[in-house]
Amino acid sequence: MVAMARGRVTRKGVLTKWWESNKDSQFQIITYVTILSCASMAWGFIFLFMLGGATDPSHQDSLVPFSWLCLVFGSFTSFYTLPEFGYFWSQRTALEEILELDARTEVLKRRKEAEDAADILGPKYQSRLMGLYDHYQIRGGRRFKVDASPLKNPSNEKTPVVGREFQRQWWQTENSKLSEFLPALSILKTKKANRMIIVFSALAIALLLLNTLFGIHIGMGGINHDTLDLSAYLLSTENVTFNPPHLDSVSLLLIAFFSLILDFTRPPVIFQEEE
């Protein structure tokens, strides 16, 4: 029993030591685990209770056990990760507010709050805070051994870019909101990857809307202008096509999901100098 207890203490110590040694990546780890657990929980709940998968005999040997596993695993993991994610997100929100301050005195008032948040969030945010210090010529900042990064919008005499110019910047951006939300995925900071996500998301939304409003189901005789019900198709029901317009729950969720992804491919608000 003593050996077992010692083994447990050792394993806990190793896990704690590993977590503390990866302090700079904790926000990213918590974010990815939270997304995965919430997605698993959502899939399990939707399939089992909204789509009636638990009562469909054709899925008893495959999708039902997998969906229950997703629901249990996602619920258990989300119970622990969601509060942590909320804490990290609140620190990020507070730091972003401070980084947008346009008065040196206000920055000095919230200096400790900013440094505590940057310490939790990692070197990327520490570098941005050091850039804020440099901009307002604030001494100190020895707490973080990182290079200062320039402020994105150091002047308040600017107006947002809109219209065609914003669309051009959207297509050309290497700094999408998605890349900022998932900073560890460096591929998201490339034009090619962002453009692929834009095209794929827009195409998926267009196809789903066309199917919902006008029907694009392809049968034996070609396109028969019936709407394919994705919920019924996943459940392998006898009737999977309906007269348009027809909206099912799976199509609605997919439209919302791809719309969110498409919005995340946009760059943050871009500013230009006023003339």
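Just so you know, all these numbers are worked out from the coordinates, no wet-lab data involved. Keep in mind it's a predicted model, so treat the numbers as computed, not measured. Glycine also receives a Cβ, built like all others from the backbone with ideal geometry; neighbour counts cover every protein chain displayed.
Going by neighbour counts of Cβ atoms within 10 Å, the residues 14, 72, 33 line up, fewest first, as 14, 72, 33. The charge dipole of the range 23-156, taken about its Cα centre with unit charges on the Cβ of Lys, Arg, Asp and Glu (plus for the first two, minus for the last two), comes to roughly 680 debye. Rounded to the nearest whole Hz, the Karplus-based 3J(HN,Hα) values (6.51 cos²θ - 1.76 cosθ + 1.60, θ = phi - 60°) of the range 107-114 follow the sequence 5, 5, 5, 9, 4, 5, 4, 5, with x at glycine and proline. Taking amide H positions as modeled 1.01 Å from N, with prolines and chain starts lacking one, the residues under 5 Å from residue 149 and 5 or more places away or on another chain are 128, 130, 131. The 3J(HN,Hα) values that the Karplus relation (6.51, -1.76, 1.60; θ = phi - 60°) gives for the range 27-43 are, in residue order, 4, 5, 5, 4, 5, 5, 5, 5, 4, 5, 5, 5, 5, 5, 5, 5, 4 Hz. Gly and Pro appear as x.
Between amide H atoms placed 1.01 Å from N, distances below 5 Å from residue 241 occur with 229, all of them 5 or more places distant or on a separate chain.
log10 I(q)/I(0), Debye, Cα-only the range 23-156, no solvent, q = 0.09, 0.14, 0.18, 0.22 Å⁻¹? For the range 23-156, the Cα-only Debye profile gives -0.43, -0.69, -0.91, -1.17. Between residue 249 and residue 22, the FRET efficiency estimated from the beta carbon spacing at R0 = 41 angstrom works out to 0.55. Residue exposure proxy: 147, 229, ordered by other Cβ atoms within 10 angstrom of their Cβ from fewest to most, comes out as 147, 229. Fewest neighbouring Cβ atoms within 10 Å first, the residues 199, 107 line up as 199, 107.
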